[in-house]
Amino acid sequence: MIVTPICEMLGIQYPVLQGGMAWVSDASLASAVSNSGGLGIVSAMSMNAEQLREEIRQTRVLTQRPFGVNIMLMSPYVDEVARCVIEEEVPVVTTGAGLPGKFMKAWLEAGIRVVPVVPSVAVAKLVERGGACAVIAEGGESGGHVGEITTMALVPQICDAVSIPVIAAGGIADGRGMAAAMMLGAVGVQMGTRFLVARECTIHQAYKDRVLRAKDIDTMTTGKRLGHPVRALKNLFTQEFLKKEYDSTISNEELERFGAGALRRAAREGNEKSGCFMAGQIAALVNREQTATEIIQQLLEETQQVLCGAMRWVR
Ligand code: TUI
């Protein structure tokens with residue numbers, strides 16, 4: 001058994017969170033992870049308040065256990081979904097791609113536990129002062145919108161800088177990664193890429209197949225020029241995007257337009273040419289479709305084994 005302070009804080013059995021992935025993290029995946037003892041998270045990214053409300057209610061039909069909602073702060077619907085999580089009495093909110101300051105007071109007054117994703121020490125300190133109960137330190141190995149610093153460098157620095165619990169994310173997909181994160185001071189992990197291939201994950205099979213086949217050097221980041229680099233599996237889309245990114249005759253607006261809808265095309269349509277298959281650098285380690293329960297059980301067994309063997313070289 002691995003029990004850490006975030007288990008009690010979030011009302012979960014195991015210190016494992018499922019990343020809130022746009023067009024991916026729906027009621028099916030989130031409820032499966034929560035039913036397996038982790039914290040399932042519904043992504044509000046691609047939804048307006050009405051759609052999110054429906055997804056939250058569906059999650060509640062499928063699980064009695066706590067779950068979270070991830071609010072992508074760059075979402076055009078951010079204000080209405082921020083209100084929706086209060087109305088629906090969502091127990092945990094994670095945030096990404098920005099600073100949650102504007103919403104903190106209302107969420108805390110509603111009794112919501114807020115756990116922001118942070119890419120740097122400065123942002124971690126800021127959200128701690130703002131009332132976050134924990135932070136998710138996400139390294140640049142992650143899929144999707146990424147910061148600069150690697151998990152290995154980021155987690156211990158954030159652990160030193162804040163006194164709230166730190167959850168590690170980015171490049172973690174098995175017990176070795178989870179044990180390593182705990183050695184760096186984290187008291188839990190968040191995984192996205194590993195849960196992409198969960199049986200209960202409803203994305204197109206072509207997306208899962210691409211993750212299952214991925215090799216170590218198969219991801220890349222694009223979009224640095226726009227201020228929000230995104231890591232995804234290399235394909236025709238990322239190649240074309242990169243070409244346009246380095247072409248100074250193409251405006252930022254044009255580049256944004258080219259990227260719009262690409263994640264939906266990957267996740268819902270499995271479009272190999274014009275889809276953006278966001279995934280982390282650890283995709284190469286993910287080579288088996290499993291249920292959420294199998295993923296979490298295996299992860300914890302491996303972590304326990306690694307942690308118990310940690311004295312091996314100590315004389
Ligand atoms: O948010 C993510 N990952 C994401 S969001 C997303 S949807 C998207 N689609 C197209 C373009 C851009 C996004 C796909 N993947 N992870 C959490 C995360 N948060 N990573 C980095 C940050 C972050 C960055 C800056 C958090 C706070 C922050 O504050 C500083 C500031 O300047 O806002």
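Note on segment 106-120: among residues that are open to solvent by 40 Å² or more (accessible area, probe 1.4 Å) and touching a residue at least 24 places away in the same chain (Cβ under 8 Å), the one that is nearest to the ligand (Cβ to nearest atom) is Pro119.
Looking at this structure, is Val189 in contact (Cβ under 8 Å) with a residue 12 or more places away in the chain and either within 16 Å of the ligand (Cβ to nearest atom) or touching a strand residue (DSSP E or B) at 6+ places or on another chain (Cβ under 7 Å) (or both)?
Numbers: in contact (Cβ under 8 Å) with a residue 12 or more places away in the chain: yes; either within 16 Å of the ligand (Cβ to nearest atom) or touching a strand residue (DSSP E or B) at 6+ places or on another chain (Cβ under 7 Å) (or both): yes.
Judged against the criteria, Val189 is a match.
Give me the pairs: first residue in segment 20-34 and assigned by TED's automatic domain parsing to the domain that holds Ala44, second residue within 15 Å of the ligand (Cβ to nearest atom) and part of a helix (DSSP H, G or I), beta-carbon distance under 6 Å, and six or more apart or on different chains, which are they? Between residues of segment 20-34 that are assigned by TED's automatic domain parsing to the domain that holds Ala44 and residues that are within 15 Å of the ligand (Cβ to nearest atom) and part of a helix (DSSP H, G or I), the close pairs are Ala22/Leu263; Trp23/Leu263; Trp23/Arg264; Trp23/Ala267; Val24/Ala267.
The number of residues in segment 34-47 being open to solvent by 40 Å² or more (accessible area, probe 1.4 Å) and within 16 Å of the ligand (Cβ to nearest atom) comes to 1.
Considered as a group, the residues in segment 131-155 that are without any contact (Cβ under 8 Å) to a residue 60 or more places away in the chain, surrounded by fewer than 22 Cβ atoms within 10 Å (Cβ to Cβ) and under 24 Å from Ala279 (Cα atoms) include one that is farthest from the ligand (Cβ to nearest atom), and that residue is Met152.
So that you can scan it fast, the table gives a plain yes or no per residue for (1) farther than 28 Å from Gly98 by Cβ; (2) among the hydrophobic types (A, V, I, L, M, F, W, C); (3) over 20 Å from the mean Cα position of the chain (by Cα); (4) buried (at least 16 other Cβ atoms within 10 Å of the Cβ):
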residue: Leu233; (1), (2), (3), (4): no, yes, no, yes
residue: Leu236; (1), (2), (3), (4): yes, yes, yes, no
residue: Arg264; (1), (2), (3), (4): no, no, no, no
residue: Gln281; (1), (2), (3), (4): no, no, no, yes
residue: Leu285; (1), (2), (3), (4): yes, yes, no, yes
residue: Thr291; (1), (2), (3), (4): yes, no, no, no
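Criterion applied to Ala168, Ala180, Ala153, Ala124 was being under 22 Å from Gln298 (Cα atoms), aliphatic (A, V, I, L, M), assigned to a helix (DSSP H, G or I) and at pLDDT 95 or above, and the one residue passing it is Ala180.
If you go through segment 277-315 and keep only what is small (Gly, Ala, Ser) and in contact (Cβ under 8 Å) with a residue 24 or more places away in the chain, you end up with Ala279, Gly280, Ala283, Ala284, Ala292, Ala310. Mind checking whether some residue in segment 243-260 is open to solvent by 20 Å² or more (accessible area, probe 1.4 Å), under 16 Å from Asp209 (Cα atoms), touching a residue at least 12 places away in the same chain (Cβ under 8 Å) and assigned to a helix (DSSP H, G or I)? So far as segment 243-260 goes, no, none of its residues is open to solvent by 20 Å² or more (accessible area, probe 1.4 Å), under 16 Å from Asp209 (Cα atoms), touching a residue at least 12 places away in the same chain (Cβ under 8 Å) and assigned to a helix (DSSP H, G or I).
If only residues of segment 48-105 that are within 16 Å of the ligand (Cβ to nearest atom) and of a type in the set (Phe, Trp, Tyr) are counted, the one that is most open to solvent (accessible area, probe 1.4 Å) is Tyr77.
Cβ separations smaller than 6 Å between residues 6+ apart or across chains give the following pairs from segment 225-240 residues that are of a type in the set (D, E, K, R) and within 13 Å of the ligand (Cβ to nearest atom) to residues that are at pLDDT 95 or above and not in a helix (DSSP H, G or I): Arg231/Gly143; Arg231/Val146; Arg231/Thr219; Arg231/Thr221.
The values are calculated or read from the model by the stated rules, or taken from the named source; none is laboratory data. Only a predicted model underlies this, so the values are computations on that prediction, with no experimental measurement involved. We place every Cβ from the backbone using ideal geometry, glycine too, and count neighbours over all the protein chains shown. Keep in mind that these areas ignore ligands, DNA and RNA; they rest on the heavy atoms of the full protein, side chains included. Shrake-Rupley method; radii C 1.70, N 1.55, O 1.52, S 1.80 Å.
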